[in-house]
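The numbers here are math on the coordinates, done by the rules we state, and not lab data. Predicted model, so just to flag it, every value in this text is computed and none were measured. Because the Cβ atoms are built from the backbone with ideal geometry, glycine has one as well, and the counts that use them run over all protein chains shown.
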Amino acid sequence: MALGLNVFIACIGLASGKQPVAVLQASAINVFAAGVVVALAPIVVGVLFGKFLLRMNPVLLLGALTGARVTSAALTTLQDEAESSTLTLGFAAPYAFANVILTIMGSVIVNAM
């Protein structure tokens, strides 16, 4: 369901002008690679930092990373797979902190422009 909605939104956005299509045709691989790096880098750094420097319990670390990404749906999926609600112990604080930072940074970015 979400994938179909995302594809629909992307198609509407691309159909709204010829310039985005030309840019994507010229540098589609670069845009894709940048998207992969931006999406995966925080998770990889978080796993390495939490596992090796902080020596966190893997279950709590997954909960914390899920909270930091502000994805409640991922928490539910992890709880179903782990058959435990222990993940919520690591989820709560990063989730609250990330929501506050998202709200503040949204205002900062808008006001900076």
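For the reader, a short list of remarks on this structure follows.
- For the chain, the longest principal axis of the Cα atoms and the long axis of helix 58-68 meet at an angle of about 40 degrees.
- Of Ala73, Ala26, Ala98, the one that fluctuates the most in a GNM where the chain has Cα springs shorter than 10 Å: Ala26
- Distance (nanometres) between label positions extended 7 Å along Cα→Cβ at Met105 and Ser72: 2.1
- The label point for Leu3 and the one for Ala112, both projected 7 Å from the Cα toward the Cβ, are 3.5 nm apart.
- Qualifying trypsin sites (Lys or Arg not before Pro) in region 18-113, DSSP loop, other Cβ atoms within 10 Å at most 10: Arg55
- Cα centroid separation - region 37-51 against region 55-102, whole Å: 14
- Taking a quarter of the surface of the Cα convex hull of the chain gives a mean projected area of 9.7 nm².
- Net charge of Cβ neighbours under 14 Å - reference Ile43; Lys, Arg +1; Asp, Glu -1: +2
- Gaussian network model of the chain, Cα within-10 Å springs - most flexible of Ala92, Ala33, Ala15: Ala15
- If you run the Gaussian network model on the chain, springs between alpha carbon atoms under 10 Å, then out of Thr103, Thr71, Thr88 the most flexible one is Thr103.
- Using C-alpha pairs below 8 Å separated by at least 6 residues, the relative contact order for the chain is 19 percent.
- Helix-only mean residue ellipticity at 222 nm for the chain, each DSSP H run of n ≥ 4 adding -39500 (n - 2.57), per residue, nearest 500: -28000 deg cm²/dmol
- Nearest-ten-degree value, helix 87-112 long axis tilted from longest Cα axis of the chain: 40
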